[in-house]
Structure formats: C-alpha cells, structure tokens
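Here is the structure we will look at.
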Amino acid sequence: MWNGDDLELEEYLAFIGFDGDRSPSLDTLRRLQRGHVLNIKWENLDAVLHRQVALDIPTVQAKLLRGPRGGYCYEHIALFGAVLERLGFDFFGIQGRVQMGATAIRPATHGMLVVRLDGERWLCDVGFGTSPLTPIHLADEAVVADGSWTYQLLRGEVTPGADGWTLSEAAGDGTEPGWMSRYTFVLEPQYPIDYRAASYFVASSSHSPFSTRLFVQKIGPDHAYILDHREIHDIEPGVGRTTQQLAPDQVLIALRDIFGIELGVDDSALLLQRLAEQ
C-alpha cells in the first residue's frame, strides 16, 4: 500500500545515518525518526514556484535525498511510510489540522503516521519542518522532552462533536512557561490516495498559504530556523526567538547558507518574482 517496493532502502538509511538493528521495535522507530528529521530538508519551494508536487517514491526519494532540496509533509510521509513498510512496522496514516495557536477550524492538511507496537500507539510526525525528534506515545497528557524541545499531547473535543488529540509545543521565552497548540487530529485512517488529494490542495489552491508563501524550516537538538517568506526566525528553546526581515536577494542567501538549498538561475529569478509579489 505504501509503495515500499519502489524504495531504495539502503540509500535512505545511509542518508539519515542509520545503522544497526532494523527490527520493527520502538528503538528502531526512534532512531529512524530522529535521523529523518535531522537530515532531510523541509521546504515548499515547488508549491511557491507553481510546480507539480509528485508523491511517487522514486520522485520523492530523488528530490529529498539526491538533490539539494527538501519537501513538505506529504513528501516526507510518503518516504517515511515506504521505509516503515519495508522494515515490517504496523502503522496507518492520519491527517491533522494545523493551528499554531489559532482557534478557527482549519482544513486537515498535515499528514502523519501512527505506529502500533506491543499494544501501544506512537505518533510519528516527520513532516512538520520543526518536527519532534522522537515518536510521541498516544496517551492523554503525555509530555515528551527530547533534548531541549518539549511537547504535550491532550485528548478531548477537537472540532464540534469530534473526539481527538491536540499536540502542543512549549512556548514562551523560558521565563513564562506555557503551551501553544500546534495541531489537532483524529484517528481516522488515511491512505496514500488521501494524501495525494490533500497535497494537491496544499500546493495548488489559492486558499492555501503554501501556494503563495515560502516556508523553509530546519531543526537541530537545541536550535531551529524558520524562514517565513521574507522573515527569518532564529529559535532557541527556553530562550526565545529573534526575527529578521530579509530583502528578496537575502532570502536566496539564507536558503543557501542556513538551509543548504541553492537554486539554479531560472528558479532563483522566479522565486525573486514571487517574493516581490507580497
């Protein structure tokens, strides 16, 4: 179902620095998620440049592993799902509604996976950009801290009449602790065909911010960078963030120097045009 037969598994594992035991265990899952999040880039350049975003495994693997590029959640989850299938994990897909503190109901446009191990379920979110570095146990009031990044999972009503889960991230500058809701989700299984439909909306609809606004993210064990069109955010957990406004040509420099993404002449010119439109 997840097209694992199309995957070059050894190439993927080498790229994320994974070695050792490959049995479908919690330890393996943790090492896979950490390696994926820290080593595979996250960006939405194809959507901003009005290009088709393909989710077949050969295309996704070539883009995310062999070129100086990354992808957004549906590309990441297509690749990660193929890996989990090849390694024998029991899992299913879900979709989340991104909030980032908002209270209005937003469309379900964020793909994730839930892995079942020894009677327990683990949320694997490798495609958020600043994704958790470890799977999160699906348990009410579960708090996960991996290095400096902390998350909380709560169960309750997420939309009128719908019981589900809210994942929040630790917010604030380190002096006033608090939580900001990242997204909500329900445990309705999703399949690759559902992700293709959602990805088409995300990349192509005028109602999607991804089709008009550049987003690039990079997370490390104790530092993160978020490029939000022409703003660059430098984030240290427990300390806070600094924000800098960039000119269009400075965005190209940030892509290269911070995120390791260097565009060709034609793509650079087209991106400068998109950046000047807002």
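Taking the criterion of being open to solvent by less than 40 Å² (accessible area, probe 1.4 Å), touching a residue at least 40 places away in the same chain (Cβ under 8 Å) and outside any strand (DSSP E or B), the residues of segment 186-235 that qualify are Pro192, Tyr195, Ala198, Ser199, Val202, Ala203, Ser208, Ser211, Leu214, Gly220, His229. Exactly one residue out of Ala54, Ala62, Ala14 is over 14 Å from the mean Cα position of the chain (by Cα), over 29 Å from Ser204 (Cα atoms) and either open to solvent by 20 Å² or more (accessible area, probe 1.4 Å) or of a type in the set (Phe, Trp, Tyr) (or both): that is Ala14. Against the list (1) touching a Leu at 6+ places or on another chain (Cβ under 6 Å); (2) of a type outside the set (Lys, Arg); (3) buried (at least 17 other Cβ atoms within 10 Å of the Cβ), the condition Leu26 fails is (3).
Among (1) surrounded by fewer than 22 Cβ atoms within 10 Å (Cβ to Cβ); (2) touching an Asp or Glu at 6+ places or on another chain (Cβ under 7 Å), there is one condition Pro132 misses while meeting the rest; what is its number? Every listed condition holds for Pro132 apart from (1). Scanning segment 11-21 for residues that are more than 19 Å from Asp56 (Cβ to Cβ) and either touching a Pro at 6+ places or on another chain (Cβ under 6 Å) or not in a loop (DSSP other than H, G, I, E, B) (or both) yields Leu13, Ala14.
Are any residues in segment 22-46 within 26 Å of Ile193 (Cα to Cα) and either more than 15 Å from the chain's Cα centre (by Cα) or assigned to a loop (DSSP other than H, G, I, E, B) (or both), and if so, which ones? Passing the criteria: Pro24, Leu29, Ile40, Lys41, Asn44, Asp46. Number of residues in segment 71-107 that are open to solvent by less than 10 Å² (accessible area, probe 1.4 Å) and hydroxyl-bearing (Ser, Thr, Tyr): the value is 2. Here Pro68 meets the list (1) crowded, with 18+ Cβ neighbours inside 10 Å; (2) in contact (Cβ under 8 Å) with a residue 60 or more places away in the chain; (3) in contact with a Gly (Cβ under 7 Å, 6 or more places away or on another chain) almost entirely, failing just condition (1). Filtering segment 236-278 to residues that are part of a strand (DSSP E or B) and small (Gly, Ala, Ser) leaves only Gly240. Taking segment 236-278 as the range and being open to solvent by 60 Å² or more (accessible area, probe 1.4 Å) and of a type in the set (Asp, Glu) as the test, the residues that pass are Glu236, Asp249, Asp257, Glu262, Asp266, Glu277. Applying a threshold of 6 Å to beta carbon distances and a minimum spacing of six or more residues, or different chains, the list of pairs starting in segment 263-278 at a residue that is touching a residue at least 60 places away in the same chain (Cβ under 8 Å) and ending at one that is in a helix (DSSP H, G or I) and β-branched (Val, Ile, Thr) reads Arg274/Val48; Leu275/Val251.
Return yes or no: is Arg97 of a type in the set (Lys, Arg), under 14 Å from the mean Cα position of the chain (by Cα) and at pLDDT 95 or above?
Considered against the rule, which asks whether it is of a type in the set (Lys, Arg), under 14 Å from the mean Cα position of the chain (by Cα) and at pLDDT 95 or above, Arg97 comes out as yes.
Quick one: in segment 82-135, of everything that is among the acidic types (Asp, Glu) and out of contact with any helix residue (DSSP H, G or I) (no Cβ under 7 Å at 6 or more places or on another chain), which residue is farthest from Asp146 (Cα to Cα)? Checking each candidate, the answer is Asp90. Checked against (1) exposed (fewer than 13 other Cβ atoms within 10 Å of the Cβ); (2) at pLDDT 95 or above, Glu176 meets all criteria but (2).
The values are calculated or read from the model by the stated rules, or taken from the named source; none is laboratory data. This structure is a prediction, so every number in the text was calculated from the model and none was measured. Cβ coordinates were reconstructed from backbone atoms using ideal geometry, including for glycine residues, and neighbour counts include every protein chain displayed. Just the protein is used for accessible areas: all its heavy atoms, side chains included, with ligands, DNA and RNA removed. Shrake-Rupley method; radii C 1.70, N 1.55, O 1.52, S 1.80 Å.
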